[in-house]
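Structure first, commentary second.
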Amino acid sequence: MGDAIDRHLDEARQRRASGDVPGAGHALAEAADLARTAGDSRLAYALRHLCDLQREANLLTESHASAGEAVAVLRAAGPSLDLANALRLRALAAEALGFDRAAADWAEAGQLYRALGVAEGVAECEARS
């Protein structure tokens, strides 16, 4: 199953690079489904990138859900840059949907970025929270 996940992730990268956003989204959704079934750690990676595509396509509810699942998966693994990035994506989707939750996600992402020394992330979070 791991090879199939890799194939879908590679396909998503290629499709996105060629401008096929719907195809990239489909490949990422397939990778996420396989990773979820297998309990594979690449689930969060697939979800974060799917979230981006969904947000760009104005599928904000779906984007927020994908980011939320990625946050849950990554939170279980502990503080990381990936968790900060997933929180950022969830905050962007929440903000676009008008959810109050965005402020808490911006604040938490900012704390993680600060602890990791990611100045650009800190600046964005401070500007948005």
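The values are calculated or read from the model by the stated rules, or taken from the named source; none is laboratory data. Since this is a predicted model, take the numbers as computed values, not measurements. Note: ideal-geometry Cβ built from the backbone for every residue, glycine included; neighbour counts use all protein chains shown. What goes into the accessible areas is simple: the full protein's heavy atoms, side chains included, and nothing from ligands, DNA or RNA. Shrake-Rupley method; radii C 1.70, N 1.55, O 1.52, S 1.80 Å.
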Going by a ≥ b ≥ c, the root eigenvalues of the Cα gyration tensor, does segment 1-71 fall in the rounded group (a/c under 1.5), the prolate group (a/b larger than b/c) or the oblate group?
oblate
Given contacts defined as C-alpha pairs under 8 Å and at least six residues apart, what's the relative contact order of the chain, whole-number percent?
15
With a point put 7 Å past each Cα toward its Cβ, work out how far Ser41 is from Thr61 in nm, to one decimal.
3.5
Each residue of segment 8-25 in order: what ³J(HN,Hα) in whole Hz does its phi give by Karplus 6.51 cos²θ - 1.76 cosθ + 1.60, θ = phi - 60°, with x for Gly and Pro?
5, 5, 4, 4, 4, 4, 5, 5, 5, 4, 8, x, 8, 5, x, x, 5, x
Would you work out what percent of the accessible area of the chain, with all protein chains in place, is carbon or sulfur (probe 1.4 Å)?
53
In debye to the nearest 20, the charge dipole size for segment 52-129, taken about the Cα centre with +1 at each Lys and Arg Cβ and -1 at each Asp and Glu Cβ, equals 160
May I ask for the angle, rounded to the nearest 10°, between helix 101-116 and the longest principal axis of the chain, with both axes built from Cα atoms and the value confined to 0 to 90°?
90
Once the Cα atoms of helix 119-128 and of the chain are each reduced to a long axis, what angle between those two axes, in degrees from 0 to 90 to the nearest 10, is obtained?
70
Taking every other residue with Cβ under 15 Å from the Cβ of Asn58 and scoring Lys and Arg +1, Asp and Glu -1, one gets -3
Separation of the Arg75 and Asp100 label points, Cα + 7 Å toward Cβ, nm:
1.7
Debye-sum result for the chain in log10 I(q)/I(0), which assumes one identical scatterer on each alpha carbon, at q = 0.09, 0.14, 0.19 Å⁻¹:
-0.25, -0.60, -1.02
Per-pair calculated FRET efficiency, R0 = 25 Å: Gln14 and Ser129 via Cβ, rounded to 0.05:
0.10
Neighbourhood net charge (15 Å Cβ-Cβ; Lys/Arg +1, Asp/Glu -1) for Ala17
-2
